[in-house]
Amino acid sequence: MTNLSLDAFTADLERLRAEAEQTLADVADEATLEQARIEFLGAKSGRLKLAQKGLGQVAGSDKPAAGRQFNAVKSAVEALFQQAKDRAATGPANVSAETVDVTLPGTPVRFGRLHPLTQTIRRVASIMGHLGFEVVDGPEVEDQWHNFEALAIPAEHPARDPLDNFYISVANSAEPFLLRSQTSTVQIRVMEQRQPPLRIVSLGRVYRPDTADATHYPMFHQVEGLLVEPGTTMAHLKSVLRAFASNFLGGDVHVRFRPSFFPFTEPSVEVDMEWNGRWIEMGGAGMVDPAVLEAVGYDPDEVSGFAFGLGVERIAARRFGVADIRDFYRNDVRFLEQFSDRGQA
Ligand code: DAH
């Protein structure tokens, strides 16, 4: 029976190929793959099988050409099927890998917090701010005038020993600079710039070549306070420190002065604060020495003032119960995360 023209056979084959392409491209899983297999590659009545049967109806002289076309379309459809099969095999895995299970617990967000020393510095600044003290900053690389001379620390004073300071030689400067060894430098810088009345605090880093141990570190922080107003007395100094200590440590904190010596204060005292039944050394203080007032151009007969310098690490260690100040600098998150800064100023 030869009732199918080559043209009609070719047209049928092309339609088959186009539809197979379309159908196999849409295959998404095993089920649609199996449907497509039955439709196109089915052994009994698949579309390729039917086309093969049509081949028998093509005229004998056209058979070789029709056979070649059939074989080409058959391998094309088989190749498309194989591609669809591969996709169906990997498809579901991809889908499950990309699926978000919204019922799983989320990845906890780790909130950062301020370093305990920063918390302490901000708290001290806030308390002193309520007492009318303005926060000012000064340079960490200082000249010898501000670090020593204006503070009545003469050249031969042991505090200026090269072994006790980080001196820095500076090009075009006759004398070396240094990493400031105390924040008292800021007293001088402020008084040189301004006229009384003055109430300032300065909180920052200072440097001394000490061997690191539980209470020493070559870099540490100080709080410097300065008040210059007519009629200032030691009573004002003690009241301010007491108000500070009560605010900072909580409760009715007592402040004790012990006689001491600093070149830039007269009289000078060591300041202790009572906390949990113990007296804790907090730093030094005193009435600004007239020589210092003169060095900055003030008239000591007209103004007087007090100054104090407290150790930030010491205050922070007391407040947080830290036994070794080196822990503040190790940057171990397990240590640092214990100090909540919630509710801090
Ligand atoms: N600058 C002193 C030091 O580093 C601390 C100090 C003592 C500061 C007495 C003061 C003060 O302002 O009056 O040891």
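The values are calculated or read from the model by the stated rules, or taken from the named source; none is laboratory data. Here the structure is a predicted model, which means the values were calculated and not measured. All Cβ positions, glycine included, derive from the backbone under ideal geometry; neighbour counts span all protein chains shown. Keep in mind that these areas ignore ligands, DNA and RNA; they rest on the heavy atoms of the full protein, side chains included. Shrake-Rupley method; radii C 1.70, N 1.55, O 1.52, S 1.80 Å.
Relative to the present Cα-Cα distance, how much length would full extension add between Gln82 and Ala18 at 0.36 nm per residue of separation? Intermediate values should be presented prior to the final figure.
On the way: separation 64, 0.36 × 64 = 23.04 nm, distance 1.62 nm.
Result for the pair: 21.4 nm of gain on full extension.
Rounded to the nearest 0.05, what FRET efficiency is calculated for Leu131 and Ala155 with R0 set to 35 Å and r the Cβ-Cβ distance? Spell out each step's value before the answer.
Details: r = 36 Å, r/R0 = 1.04.
Computed FRET efficiency for Leu131 and Ala155 comes out at 0.45.
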Highest GNM mean-square fluctuation among Asp164, Asp26, Asp101, for the chain with Cα springs under 10 Å, belongs to Asp26
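Based on DSSP H runs of at least 4 residues, each adding -39500 (n - 2.57), what is the mean residue ellipticity at 222 nm of the chain after dividing by all its residues, to the nearest 500 deg cm²/dmol? Working shown, then result.
Details: 11 runs with 135 residues, N = 345.
It comes out at -12000 deg cm²/dmol, rounded to the nearest 500.
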Listed by chain and number, the residues whose amide H is under 5 Å from that of Ser268, excluding neighbours fewer than 5 places away on the same chain and using placed H, are Ser260, Phe262
For the range 6-98, the per residue accessible area (1.4 Å probe, Å²) is 60 Å²
Residue-ordered couplings for the range 11-17, obtained by feeding phi - 60° into the Karplus form 6.51 cos²θ - 1.76 cosθ + 1.60 and rounding to whole Hz (Gly and Pro as x), are 4, 4, 4, 5, 4, 4, 4
For the range 159-264, the per residue accessible area (1.4 Å probe, Å²) is 48 Å²
The answer for His254, listing residues at least 5 apart or on another chain whose modeled amide H is closer than 5 Å to its amide H, is Glu274
The simple spin-label model distance between Val141 and Glu30, using points 7 Å out along Cα→Cβ, in nm, is 7.3 nm
Rounded to two decimals, the Debye log10 I(q)/I(0) of the range 6-98 (Cα scatterers, no solvent) at q = 0.11, 0.18, 0.25 Å⁻¹ is -0.36, -0.76, -1.20
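Can you order the peptides 292-298, 314-320, 155-161 by their average number of other Cβ atoms within 10 Å per residue, highest first? Walk me through the intermediate numbers first.
Values: 292-298: 17.3, 314-320: 20.1, 155-161: 11.4.
The densest-packed peptide leads the list: 314-320, 292-298, 155-161.
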Of Gly129, Gly225, Gly106, the most mobile residue in a GNM of the chain (C-alpha springs, cutoff 10 Å) is Gly106
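Hey, can you rank 51-58, 169-176 by average C-beta count inside 10 Å, highest first?
Numbers: 51-58: 15.8, 169-176: 8.6.
Result, highest mean first: 51-58, 169-176.
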Rounded to the nearest 10, the angle in degrees between the Cα long axis of helix 116-130 and the longest principal axis of the Cα atoms of the chain comes to 50 degrees
Rounded to the nearest 10 degrees, the helix 234-249 long axis (Cα) sits at an angle to the longest Cα principal axis of the chain of 30 degrees
Partner lysines whose C-alpha sits under 30 Å from that of Lys49, ignoring same-chain residues fewer than 8 away, are Lys63, Lys74, Lys85
Going residue by residue through the range 73-83, the Karplus relation 6.51 cos²θ - 1.76 cosθ + 1.60 with θ = phi - 60° gives ³J(HN,Hα) values, rounded to whole Hz and with x marking Gly or Pro, of 5, 4, 5, 5, 5, 5, 5, 4, 5, 4, 4
So, with points 7 Å from each Cα along the Cβ direction, the Ser75-Thr211 label distance in nm works out to 8.6 nm
The distance between the Cα centres of the range 88-164 and the range 280-328, in whole Å, is 22 Å
For the range 265-276, Karplus-derived ³J(HN,Hα) couplings (6.51, -1.76, 1.60; θ = phi - 60°; whole Hz; x for glycine and proline) come out as 9, 7, x, 10, 9, 8, 9, 10, 10, 8, 9, 6
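At a 1.4 Å probe radius, carbon and sulfur cover how many percent of the accessible area of the chain? Kindly include the intermediate steps, with their values, before the conclusion.
On the way: 9850 of 18690 Å².
It is 53 percent, rounded to a whole number.
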Answer in debye to the nearest 20: the dipole magnitude of the chain about its Cα centre, from +1 Lys/Arg and -1 Asp/Glu charges placed on Cβ, is 1980 debye
Per its Cα gyration tensor (rounded if a/c is under 1.5, else prolate when a/b beats b/c, else oblate), the range 116-336 is best filed as oblate
Under a 1.4 Å probe, counting only protein heavy atoms, Arg278 has an accessible area in Å², nearest 10, of 130 Å²
Of Thr185, Thr90, Thr211, the most mobile residue in a GNM of the chain (C-alpha springs, cutoff 10 Å) is Thr90
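Would you tally the net charge around Asn276, using a Cβ to Cβ cut-off of less than 12 Å, leaving Asn276 out, and scoring K and R as +1, D and E as -1? Could you put the intermediate results ahead of the total?
On the way: positive: Arg278, Arg318, Arg319; negative: Glu274.
Here the charged neighbours net out to +2.
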